[in-house]
Amino acid sequence: MVPTPVSEKAFTRSLLDVLIRAGLIAILVLFCFEIFSPFRDLMLWSLILAITLYPLQKRLMSRRGLKEGHVATLIVLVAIVILMVPIYLLGTSIADSVEHAMSMVKEGGFHIPPPADSVADWPLVGKPLSALWLQASTDLPDLSAKYIPQIKHASLSLLGKLAGVGMGFLTFIFALIIAGIFMAHGEGGNRSAVQIASRVSGPGKGPKIAELCTATIRAVALGVVGIAFIQMLLVGLGFVLKGVPGAGLLALAVLLLGIMQLPVTLITLPVIAYVFATEGASTWTIIFAIYVFIAGLVDNVLKPLLLGRGVDVPMPVVLIGALGGMVTSGIIGLFIGPVVLAVGYQLFWQWVQDRPQDGGEPHHECAGS
């Protein structure tokens, strides 16, 4: 059939209309993304917390007969109290310790014990470290004046890290509050998730994809909490056996840092420095330092072993997603990476297997399920 000028003109007009609409939609999507991007991480954390805590809300609703909004509010309030109490106690303990140390320095009662003779025999750093330590024990003011720029830089760096921890904690609290709002509309949110998944993957696969996303997020979140709890026990045991002041509060701080995916070395390294400054270098203090330092890094070993248990995809998929997500997107990628990779894995194998074979019905089994 030879196209007529009228049909060509109609086709051109239709194509132009489609391009204009697509361009306007693209501009709208771009503006929406720019407006939403400052709140992206906060909303993602809120969604992760809501998905993780929603099973607890359903159990409480079934037992108490309360409404979604009431149970969600109760969970958020209890969680905030659980987070705030140890932080408050730890903050007051640190403030008292700093005030006590400053008063000792002003009164001349602060004294660093001299190093043991064996320190000088340590390889590479033994002699300079022993000389520096000996000067600190005999003439601390002169040594401090000598290294004022380095001390100032280290202090500013430490304050910056503490400010980052504080901002992370506040972000976590705000995310928890928004998660409560999400949980208060949990049933509607679940229906919306299924509708979106059905639109992307097809009506028959939507519920399964939505369930896979929620199961992956919950598995990773429970793995993170479990690893943080194990790390708290290991580090706290070392603090208690060594008799570190405020060992229980420090162990709770380790748990909170682990849950928020912040480095536990923010706690372990200052404690190690405190023990060496007050007790000097001995066999037991060195063993304590090595043990606590390793315990503070044990999460790097446990994450590949515990993340992703109970998810309907092979373990390497979740593990690669978690590690790759952390490398590309930081802490939030620890949760987003496994979800994206698991969904992509399922959709890929459904695409491979959902094809007519010999005129028969398409297969609907997915590899790894």
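So is Ser137 without any contact (Cβ under 8 Å) to a residue 60 or more places away in the chain and hydroxyl-bearing (Ser, Thr, Tyr) or not?
yes
If a residue must be in a loop (DSSP other than H, G, I, E, B) and under 20 Å from Pro245 (Cβ atoms), how many such residues does region 282-302 contain?
1
Out of region 140-157, which residues are surrounded by 10 or more Cβ atoms within 10 Å (Cβ to Cβ) and either β-branched (Val, Ile, Thr) or touching a residue at least 40 places away in the same chain (Cβ under 8 Å) (or both)?
Hit for region 140-157 is Ile151, nothing else.
Would you point out which residue out of Gly226, Gly166, Gly189 is modelled with pLDDT under 85, within 28 Å of Lys58 (Cβ to Cβ) and of a type in the set (Gly, Ala, Ser)?
Going through Gly226, Gly166, Gly189 in turn, just one is modelled with pLDDT under 85, within 28 Å of Lys58 (Cβ to Cβ) and of a type in the set (Gly, Ala, Ser): Gly226.
Got a number for residues in region 57-104 being of a type in the set (S, T, N, Q), more than 26 Å from the chain's Cα centre (by Cα) and closer than 24 Å to Met167 by Cβ?
Summing the residues that are of a type in the set (S, T, N, Q), more than 26 Å from the chain's Cα centre (by Cα) and closer than 24 Å to Met167 by Cβ in region 57-104 gives 1.
If you take the residues of region 208-227 that are small (Gly, Ala, Ser) and surrounded by fewer than 20 Cβ atoms within 10 Å (Cβ to Cβ), which of them is nearest to the chain's Cα centre (by Cα)?
By that ranking, first place goes to Ala221.
Quick check on my filter: what residues within region 179-207 are assigned to a helix (DSSP H, G or I), surrounded by fewer than 18 Cβ atoms within 10 Å (Cβ to Cβ) and either polar (S, T, N, Q) or touching a residue at least 24 places away in the same chain (Cβ under 8 Å) (or both)?
Ile181, Glu187, Gly189, Asn190, Ser192, Gln195, Ser198 - these are the residues of region 179-207 that are assigned to a helix (DSSP H, G or I), surrounded by fewer than 18 Cβ atoms within 10 Å (Cβ to Cβ) and either polar (S, T, N, Q) or touching a residue at least 24 places away in the same chain (Cβ under 8 Å) (or both).
Does Val275 fit the bill of being in a loop (DSSP other than H, G, I, E, B) and either modelled with pLDDT of 85 or more or farther than 21 Å from Gly333 by Cα (or both)?
When the stated conditions are applied, Val275 does not pass them.
Being touching a helix residue (DSSP H, G or I) at 6+ places or on another chain (Cβ under 9 Å), in a helix (DSSP H, G or I) and of a type in the set (D, E, K, R) is the requirement here; does Lys152 meet it?
In short, no.
State yes or no: is Arg191 of a type outside the set (A, V, I, L, M), more than 22 Å from Thr52 (Cα to Cα) and in the same structural domain as Val76 (by the TED database)?
Taking the combined requirement at face value, the residue does not satisfy it.
Whether any residue in region 59-67 is in contact (Cβ under 8 Å) with a residue 60 or more places away in the chain and surrounded by 13 or more Cβ atoms within 10 Å (Cβ to Cβ) is what I want to check.
No, the conditions are met nowhere in region 59-67.
Please pick out the residue among Arg21, Arg64 that is at pLDDT below 75 and either outside the structural domain of Phe172 (by the TED database) or out of contact with any strand residue (DSSP E or B) (no Cβ under 7 Å at 6 or more places or on another chain) (or both).
Every option except Arg64 fails the conditions.
Can you tell me which residue in region 228-266 is nearest to Ile332 (Cα to Cα), limited to those that are of a type in the set (Val, Ile, Thr) and buried (at least 22 other Cβ atoms within 10 Å of the Cβ)?
Across region 228-266, the extreme among qualifying residues is Val264.
Considering (1) loosely packed, with under 12 Cβ neighbours inside 10 Å; (2) in a helix (DSSP H, G or I); (3) not charged (D, E, K, R), say which one Leu124 fails and leave the rest.
Among (1) loosely packed, with under 12 Cβ neighbours inside 10 Å; (2) in a helix (DSSP H, G or I); (3) not charged (D, E, K, R), the lone unmet condition for Leu124 is (2).
(1) surrounded by 11 or more Cβ atoms within 10 Å (Cβ to Cβ); (2) modelled with pLDDT under 85; (3) basic (Lys, Arg): which one isn't true of Lys106, the others all being true?
(1) is the only condition that Lys106 fails.
Looking at region 28-46 only, could you name the residues that are crowded, with 20+ Cβ neighbours inside 10 Å and either closer than 16 Å to Gly333 by Cβ or modelled with pLDDT under 85 (or both)?
Passing the criteria: only Trp45.
Can you name the number of the only condition in (1) within 29 Å of the chain's Cα centre (by Cα); (2) under 25 Å from Thr278 (Cβ atoms); (3) at pLDDT below 80 that Leu140 fails?
Condition (1) is where Leu140 drops out.
The values are calculated or read from the model by the stated rules, or taken from the named source; none is laboratory data. Remember, predicted model here, so these are calculated numbers, not experimental data. Virtual Cβ from ideal backbone geometry, glycine too; neighbours counted across all protein chains shown.
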